[in-house]
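Reading through the structure tokens given below for one structure.
The values are calculated or read from the model by the stated rules, or taken from the named source; none is laboratory data. Only a predicted model underlies this, so the values are computations on that prediction, with no experimental measurement involved. Note that each Cβ is placed from the backbone with ideal geometry, even for glycine, and that neighbours are counted across all protein chains shown.
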Amino acid sequence: MLTDPFYIFLWRDLAIFLLIFALFGAVLALLLIFKPRFVERLNLVANRWVSTRHIFRWLDRSISIERWFHQHHRATGIVTVLGASYMLIYFGFLFDKAYTLQRWSGRFPAKLLDGLLDALVLASLIGGAVALLVGLFLWLRPSLLRGTEEEANQWVSSRRAAKVLEVPHGQVELFVARHAQRVGWLLLLGSVYLFFAVSRLLV
């Protein structure tokens with residue numbers, strides 16, 4: 001049984017949401033059974049097509065900051081080297097794993113927390129080492145990074161992914177419209193079962 005107040009709070013919120021969902025499903029089921037034409041008119045009002053083309057056009061704009069980095073490569077390299085050095089010193093020598101385990105042991109299982117901390121330290125050390133090399137290249141020899149930048153800065157357009165979102169799919173609506181009463185009875189049974197199941201768990 002859950003005793004943590006945080007988990008109890010989440011469970012109650014989930015249960016209330018399921019109860020509201022069950023009541024809404026029961027109302028919709030009754031409308032499908034007795035007033036299917038009303039549901040069709042309501043569906044026509046609610047189903048307004050929202051195009052995502054303008055959003056993806058904005059996302060497809062390329063913003064180049066390489067020129068700024070190359071103009072200020074010494075300052076950028078020094079800041080990157082200092083940040084990477086701090087990460088390497090802190091996670092390599094100053095990070096107190098035992099203190100962190102003791103402080104967070106009540107919120108997470110010990111084995112899980114130990115593994116997460118090891119992964120955090122390893123990722124931080126690797127990231128700090130890579131950042132240190134990049135910072136040194138930016139500071140001293142930025143021309144050596146141009147080939148890597150050209151390989152990494154390959155533009156991937158999102159238009160193909162947006163085309164899938166731009167195609168309407170109305171198969172479910174057509175099926176419900178053709179079998180409105182049967183779908184309504186199934187939805188009513190499911191909503192009643194969900195309502196009583198969640199109500200029993202809350203008591």
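Computed values, structure above
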{"item": "Residue within segment 103-124 that is closer than 30 Å to H70 by Cα and touching a residue at least 24 places away in the same chain (Cβ under 8 Å) present", "result": "yes"}
{"item": "Among the candidates L31, L82, L44, residue that is over 30 Å from S199 (Cβ atoms), at pLDDT 80 or above and over 26 Å from the mean Cα position of the chain (by Cα)", "result": "L82"}
{"item": "Any chance A98 is loosely packed, with under 14 Cβ neighbours inside 10 Å, over 24 Å from the mean Cα position of the chain (by Cα) and at pLDDT 85 or above", "result": "yes"}
